Amino acid sequence: MSFSIPASALSTAKTSARLSPWKVLPHYDWGLIHWMQEMVEYASTQLQSELVRDILLANVAVFGPLVYAIEVATAASLILGLFTRLGGALGALMPINLWLRLYDAPGDWPWTYLFLVVIQLLYAPGSPGRSFGVDALAWRRSGASRALYCVLSGGLKVACRGGSI
């Protein structure tokens, strides 16, 4: 039994990848640079605008892959259940940054960024990842790995004492 993908589907996928409004590696100019330019124009403060223009846009070859790596690490953290609280915190910082930097952008919906912050912060108070995630494996171990997990999980007293949450 063989499986083949129709040529029209491949053509559509390639066109979608080329026309993606966000990031497609390694061409940051299609999405990341566009939104950084929007940030320069519509930031909530002049300082943020200058920071993006003078540092981030000037060094997009450094910051482009860094932004991509942080987004992938956050997604992997939440999907795999590995250091889930840390992933949720990083995930909450990203929409806060976008909200502050695209504060007055026309056609933008600022409340969506706050919604994303709330969703990401849902990972903070509980013990996510301890049932089906990699965090569950780390939690069951003892010694140095538990100490490392304790630090990365936010240092909750119950977690660091070895009790269950």
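FYI, it's all coordinate maths here, none of it is from the lab. Quantities reported herein were computed from a predicted structural model and do not represent experimental measurements. Quick reminder, even Gly has a Cβ in these numbers, built from the backbone with ideal geometry, and neighbours come from all protein chains shown.
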Computed about the Cα centre, the charge dipole of region 24-125 from +1 Lys/Arg and -1 Asp/Glu charges at the Cβ has a magnitude in debye, to the nearest 20, of 380 debye
Length gained when the stretch Ala58-Trp109 is fully extended (0.36 nm per residue, less Cα-Cα span): 15.6 nm
Taking the number of other C-beta atoms within 10 Å as the exposure measure, put Thr74, Thr84 in order starting with the fewest. Thr74, Thr84
